[in-house]
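Take a look at the structure below.
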Amino acid sequence: MPMGIPMGDVETFPEIIGPIIQRAMRHKWELVEERGDGAKFAWDGVCRAQAIVSASRELDGRLWVHLSVSSIRVSAFSGSPKVVLPDWYRLTSARDDFLGPEAKCVLVFAPKSEHVNIEEVHHPWHCPEGDGLPDFTRGSGSL
């Protein structure tokens with residue numbers, strides 16, 4: 001079982017995140033920022049995209065990898081970029097690029113009372129320690 005490294009009040013998992021970062025970079029994702037608990041990436045291919053990956057031990061006691069994926073579309077009228085939900089192809093491509101094509105991920109559809117929408121982003125979760133559905137709100141009541 002991977003053991004986290006305490007970093008302030010955030011536990012980090014470099015043995016999990018490090019290989020994910022390397023895998024994503026091999027698939028042409030550009031590392032924008034590396035943090036103790038994960039990293040932020042940009043992809044400038046046919047469909048521009050951005051992703052954030054992190055790992056944390058959730059309340060079920062298991063390690064979970066969280067991938068946030070969004071697409072960026074440029075308006076034909078204004079030329080301004082806009083963050084939009086990625087289509088299924090972009091979402092599964094990001095999963096493949098970061099976690100591998102056989103990684104089982106879960107998309108959580110939170111009840112309306114717990115849903116927080118800051119940007120148009122999909123949130124796949126992957127448990128490298130096996131299947132399960134913990135309380136991803138970590139007791140806070142919102143995703």
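The values are calculated or read from the model by the stated rules, or taken from the named source; none is laboratory data. On a predicted model such as this, the values are computed, not experimentally measured, just so you know. Ideal geometry is used to build each Cβ from the backbone, glycine not excepted, and the neighbour counts take in all protein chains shown.
Worth a mention:
- Filter result (basic (K, R) and under 27 Å from E11 (Cβ atoms)) within segment 23-58: R23, R26, R35, K40, R57
- In segment 79-91, the qualifying residues are those that are at pLDDT below 85 and part of a loop (DSSP other than H, G, I, E, B), and the one that is nearest to V106 (Cα to Cα) is S80.
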